[in-house]
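Laboratory data are not the source of any read-out in this text; all were calculated from the coordinates shown. A quick note: this is a predicted structure, and the numbers were derived from the prediction, not measured. Cβ: placed from backbone, ideal geometry, glycine included. Neighbour counts: every protein chain shown.
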Amino acid sequence: MRIPTRLVLGAAALAVVGMSGAASAQDIRIGEINSYKRLPAFLDPYRNGWEMALDEINAEGGVSMDGKKRKLVVITRDDAGKPGNAVKIAEELVSRENVALLAGGFLSNIGLALADFAKQKKVLYLAGEPLSDALVWESGNRYTFRLRPSTYMQAAMLAEEAAKAGKTKWAAVAPNYAYGKDGVGAYKKAFAATGAKVEWIEEQWPPVFKIDAGPVVRALEQAKPEAIYNVLFGPDLLKFAREGKLRGLFEGRMVVGLLTGEPEYLDPLKDEAPEGWIVTGYPWYAIDTPAHNKFRAAYEKRFKTYPRTGSIVGYNLMLSLAAVLEKAGSTDTEKLVDAMKGLKIEDSPSGPFEYRAIDHQSTMGAWVGRTAVRDGKPVMVDWSYRDGAKYLPPDEEVRKMRPAD
Amino acid sequence: MGFYFTQFLTGLASASSLFLVAAGLSIIFGVTRIVNLAHGSFYMLGAYIAYSIVTSIDVGPVGFWLAVLAAAVAVGLIGVAVEMLLLRRIYHAPEMFQLLATFGVVLVVQDAALAIWGPADKLGPRAPGLDGAVRIFGELVPQYDLAMIVLGPLVLGAIWLLFHKTRWGTLVRAATQDRQMLGALGANQKVLFTSVFFAGAALAGLGGAAQVPREAVSLFTDLNIIAEAFVIVVVGGMGSILGAFLAAVLISELNAFGILIFPQITLVLMFLVMAVILVVRPWGLLGRPEFIARGPGEMPEAPYRPADGRLKLLGLAALLLLVAVPLAGDDFLMVLMVDVLLLALFATSLHFIMGPGGMVSFGHAAYFGLGAYGAAMLTKLLDTPMELAVAGGIAAAAAGAVVFGWFCVRLSGVYFAMLTLAFAQIGWSVVFQWGDVTGGDDGILNVWPAAWASSRIVFYYLTLALCTGAILFMRHLLYAPFGYGLRAGRDSPLRAEAIGIDVRMRQWHGFILAGAMSGLAGSLYAFSKGSVFPDIMAIPQSIDGLMMVLLGGVKTLSGPYVGAAAFHLLEDQISRLEFWRAILGVTILFLVIVFPQGLVGFLRQRLSRDEAAP
């Protein structure tokens, strides 16, 4: 039953395409895969971001190619948070939907699975959200690029800031999976590289989203560290912040938090947000540049809410895709890959960045500041934007980590 | 000293919250024998409802606890609705079938909660009057923790009084021991079941609501708590409320002190404890040997009949269709069908022990995962050719089944199921934690097929040949003396022993064979995706397998692969839609109510009815 139906449909579709070839071939199809239902708190803003950019690009007629304007069409699918599913969907998008390239991913393992698929099937994959360092280094390949500042970059920004305080006895708390381990490892490495003296006296590794915050807070407290490095996020961060405050863990201690300043993670804490933590994040309410003001105004008008980190990642993702298609002037994968290398995005709301030819990592940066509570709302203060290009290891080191294409 | 005492108190507070959820689950399972996957959803709803109440009205110290109670009652009523509208219709279905229905409820509740409360995590206010911390031996302890420490034993006492001083409680205890006898004595089972569902769901709701001042309310809560609740119930002993309390205290305290020495321990601690307890005490801490309780009016299973001419033709036609798939010229169709074939083999191997063997495994994904990891690691570390790597995957899965199975077959019923789950979780956590060797959750990449099999069409035919061969081999075994012995052991262990069948040995061999076949599916899966990640041996994968078998019909031989195809193709199509989880959930509920014998079971019933008619 299945096959004849498919055959008929397929034949019909072919016929339609054949007849109106010129018209529909105008559109450039992009495949996007993400775990929308599994992680809606982070991915709804992300989807808003790229949808907005997509509509803006198409309102201008699309991207210029061979002197003609061609519209972008995004085919987006939910992978339910399973890497195997994501690969299956990627197969479908490539072989049945004829997409020019793939984008998306949030969980690092899905990013890695898609990257490996891209390498095997020779199709361009732009990872938006996944943070894993392996994506561009140990497991990097010719066909994979990544937008968001990686775990290493953000940890390095924090380490630079934290090392100034001269604390030597450190404790770490991180979710027990790849992101947590990378987050701690990168920070240790970057901190040591600053030359500051440091001693790690305690580590806690609760399972992701399952922290039993009371015992963890007390274990950290018992070690009496001078400073704490925190990689927790989502519901874990909320519980940890509340228990830590109740049990006096943060009193007189410096706390550094990876991603803690991102609205997705900080805002649910409301007036209980910890104050004075050194964090990476996104102070959307205070950034005053023409590009960001325009982005924010359009976003708030359209979605009746403020942008989150995901929004800006989604927006920049779509800008990058449009830019690379225009630069390559073709949907041919090899040409797209060559165009991605060194691709510059000048007018993004977060400031200019480029995709490095050496490791395919973009130089999009992040904002580093301190947490505070203003009018009952958590905010970042004393922040500054850190250009990602300055927080990457030297080129020789990158070449050593990354396999040859 | 002060530190250890307060750490002990912190553990007790965590224990109380675990106990509340587990108590409800224990009562529901004890009476209705339903493995209620939706229990975590009840817990999550309790938390969300309580959050909504305490953030929308300004509650005082008394009002807060009233709000918690109101949330519990509301969730109790939702439980009643689930029981009356859904489960009541399928009590006559084969054992475990209700699992499928509660899975549908989980999916629907997930999307409903997302639609009602939105995606962002919620942090409720602290409890009024209990929002500070007190110093005990110089250490700060949150007041609310102390309240939780009191609440646990309070609820335990209330349940004890209810069970021992009321007629309802007597009925519940009687039903837990022997439901059929209770029915024969004239107790109204309908009312009893509904009221038990109310009590169980309300306890879960209470547990969730009481956590609002301690925990973030998030959409992850339901799946996070459900496995833990089952572990507590089983470690304590099914049906024993005091046992559940002891188990909650034991596990929480081991966790509180365990993380001081080995901070990664939380990941696996519960399942380690459960494995040890079940090996030493097969019925949990305070449980008693299980009565053999069949569902009300459940028919004894008819013996398998060899396929008649019509069925053989049907099978041949299906096989020909599968062979013709590449002719469609659609590359993705082949990719999709490879998934279907591998899941069909996975489900069939699960059914091999679950149906004819009568051993319901909650951890069958372990062998799928061992197969995949075995093959992937051979490829990655030793650069083994694909053919050998697949064989290695099978061997790895079989070896795992040899060890785990040896312990598991000593248990039966839900204890067997939970021990398989415990081993699967231990295996999963080893793979997950041992990053240097297994890649942790970053997995193993670059496991693509050998050059000769790398085209989609060749890989498809390879998969088709191996899966069909393996499925037919298992089918053949079930008609061979081995299979008859397996079924004899399921239907009457005593008689089987009497005629000289070593039941345990037979079950062990069946378990190993099913593990090996699952390993074959897993190792091919690794090559079909090019990468492996720990999620393929995690709980959801095991649950998916159960769903496929149940959907197809556990009492039929073709049920598992028909169920696998239906489940995977449904998911593939429905996941394109916006509210796909709710739609998938409702579809499952619909199928459950219309086909309580499973898809193939329904067809067979219809066919045999047609034949019986003149």
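Output the antiparallel fraction of DSSP beta bridges having both residues in the protein assembly as shown, as a percent to the nearest 5.
For the protein assembly as shown, the DSSP antiparallel bridge percentage is about 45.
Treating cross-link reach as a plain straight distance, find the lysines whose alpha-carbon is under 23 Å from the alpha-carbon of A:K301, omitting any fewer than eight places away in the same chain.
Partners within reach: A:K377.
Which whole number gives the average, over all residues in B:103-114, of C-beta atoms from other chains lying within 10 Å of the residue C-beta?
1
Taking the Cα centre of the stretch A:158-267 as origin, work out the dipole magnitude from +1 charges on Lys and Arg Cβ and -1 charges on Asp and Glu Cβ, in debye rounded to 20. Numbers along the way, then the final one.
Numbers: 15 positive and 15 negative charges, 67 e Å.
Dipole about the Cα centre, nearest 20: 320 debye.
Kindly express, to the nearest 10 degrees and within the range 0 to 90, the angle between helix B:97-117's C-alpha long axis and the longest C-alpha principal axis of chain B.
Relative to chain B, helix B:97-117 is tipped by roughly 60 degrees.
At a Förster distance of 22 Å, what's the computed FRET efficiency of B:Q605 paired with B:D491, Cβ-Cβ distance as r, to 0.05?
Values: r = 21 Å, r/R0 = 0.93.
Step by step, r from the Cβ atoms, then E = 0.60.
What residues qualify as long-range amide H neighbours of A:I228, i.e. H under 5 Å apart, gap of 5 or more or another chain, H built at 1.01 Å from N?
A:A171, A:M254, A:V255, A:V256
Using the alpha-carbon atoms, what tilt in degrees (0 to 90, nearest 10) does helix B:365-382 show relative to the longest principal axis of chain B?
In chain B, helix B:365-382 runs at an angle near 70 degrees to the longest axis.
Taking the Cβ of B:G435 as the centre, find all other residues whose Cβ is under 9 Å away and add up their charges (Lys, Arg: +1; Asp, Glu: -1).
-2
Is it possible to state the helix-based mean residue ellipticity at 222 nm for chain A, with each DSSP H run of 4+ residues giving -39500 (n - 2.57), the sum divided by total residues, to the nearest 500 deg cm²/dmol? What is it?
When only DSSP H runs of four or more count, the value is -13500 deg cm²/dmol.
Roughly how many debye, to the nearest 20, is the charge dipole of the stretch B:332-551 about its Cα centre, given +1 on each Lys and Arg Cβ, -1 on each Asp and Glu Cβ, and no other charges?
600 debye
What FRET efficiency, computed as 1/(1 + (r/R0)^6) with R0 = 41 Å and r the Cβ-Cβ distance, is obtained for B:D178 and B:F257, rounded to the nearest 0.05?
0.55
Plugging the Kirkwood radius over Cα pairs into Stokes-Einstein for the stretch B:332-551, at a temperature of 25 °C and a viscosity of 0.890 mPa s, what D comes out in µm²/s? Before the final figure, lay out each step's value.
Numbers: Rh = 17.2 Å.
Here the translational diffusion coefficient equals 142 µm²/s.
Could you give the angle, 0 to 90 degrees to the nearest 10, between helix B:580-594's Cα long axis and the longest principal axis of the Cα atoms of chain B?
Helix B:580-594 sits at roughly 70 degrees to that axis.
Counting only other chains, what is the mean number of Cβ atoms within 10 angstrom of the Cβ of each residue in peptide B:209-222?
The per-residue average across the peptide is 4.
If we count every other residue with Cβ under 13 angstrom of A:R302's Cβ, Lys/Arg +1 and Asp/Glu -1, where does the sum land?
+1
Among B:M1, B:M474, rank each residue by its count of other Cβ atoms within 10 Å, from fewest to most, as a rough exposure measure.
Neighbour counts put them in this order, fewest first: B:M1, B:M474.
Using the number of other C-beta atoms within 10 angstrom as an exposure proxy, rank B:H92, B:H364 with the fewest first.
By the 10 Å Cβ count, ascending: B:H92, B:H364.
With θ set to phi - 60°, apply the Karplus curve 6.51 cos²θ - 1.76 cosθ + 1.60 along the stretch B:433-446 and write out the HN-Hα couplings as whole Hz, x wherever there is a Gly or Pro.
3J(HN,Hα) across the stretch B:433-446, in whole Hz: 8, 7, x, 4, 9, 9, x, x, 7, 7, x, 10, 9, 6.
Tell me which residues come under 5 Å, amide H to amide H, from A:A366 once H is placed; ignore anything under 5 positions away on its chain.
A:R386, A:G388
Per residue of the stretch A:337-354, in order, report the coupling 6.51 cos²θ - 1.76 cosθ + 1.60 (Karplus, θ = phi - 60°) as ³J(HN,Hα) in whole Hz, putting x for Gly and Pro.
4, 5, 6, 5, 5, x, 4, 10, 10, 8, 10, 6, x, 8, x, x, 8, 9
Averaged over peptide A:107-116, how many Cβ atoms belonging to another chain are found within 10 Å of each residue's Cβ?
For this peptide, the per-residue mean of nearby foreign Cβ atoms is 5.
At 7 Å along Cα-to-Cβ for each site, give me the label-to-label distance between A:E56 and B:M1 in nm.
6.6 nm
Report, in listed order, any pair from A:K68/A:K327; A:K37/A:K71; A:K270/A:K294; A:K239/A:K270; A:K88/B:K380 with a Cα-Cα distance greater than 19 Å. Mind dumping the intermediate values first?
Working: A:K68/A:K327 13 Å; A:K37/A:K71 28 Å; A:K270/A:K294 27 Å; A:K239/A:K270 13 Å; A:K88/B:K380 22 Å.
Distance filter (> 19 Å) returns A:K37/A:K71; A:K270/A:K294; A:K88/B:K380.
Counting Lys +1, Arg +1, Asp -1, Glu -1, what net charge surrounds B:S14 among other residues with beta carbon under 10 Å of its beta carbon? Write down the numbers at each step before the final one.
Working: positive: B:R214; negative: A:D212, B:D145, B:E253.
Local net charge: -2.
Using θ = phi - 60° and the Karplus form 6.51 cos²θ - 1.76 cosθ + 1.60, what ³J(HN,Hα) does each residue of the stretch A:70-77 get, whole Hz, x for Gly and Pro?
Result, rounded to whole Hz: 10, 6, 9, 10, 9, 9, 10, 9.
Around A:L259, which amide H atoms from residues at least 5 apart in sequence, or from another chain, sit under 5 Å from its own amide H, with H modelled in the peptide plane?
A:T280
Full extension from B:A307 to B:W434: what is 0.36 nm times the residue separation minus their Cα-Cα distance, to one decimal in nm? Please report the intermediate quantities before stating the final value.
Numbers: separation 127, 0.36 × 127 = 45.72 nm, distance 4.70 nm.
Gain on extension, B:A307 to B:W434, equals 41.0 nm.
To the nearest 20 debye, what is the magnitude of the charge dipole of the stretch B:2-218 about its Cα centre, counting +1 on the Cβ of each Lys and Arg and -1 on the Cβ of each Asp and Glu?
The dipole of the stretch B:2-218 has a size of about 640 debye.
Can you give the helix-only mean residue ellipticity at 222 nm for chain B, where every DSSP H stretch with n ≥ 4 adds -39500 (n - 2.57) and the sum goes over all residues, rounded to the nearest 500 deg cm²/dmol?
-24500 deg cm²/dmol
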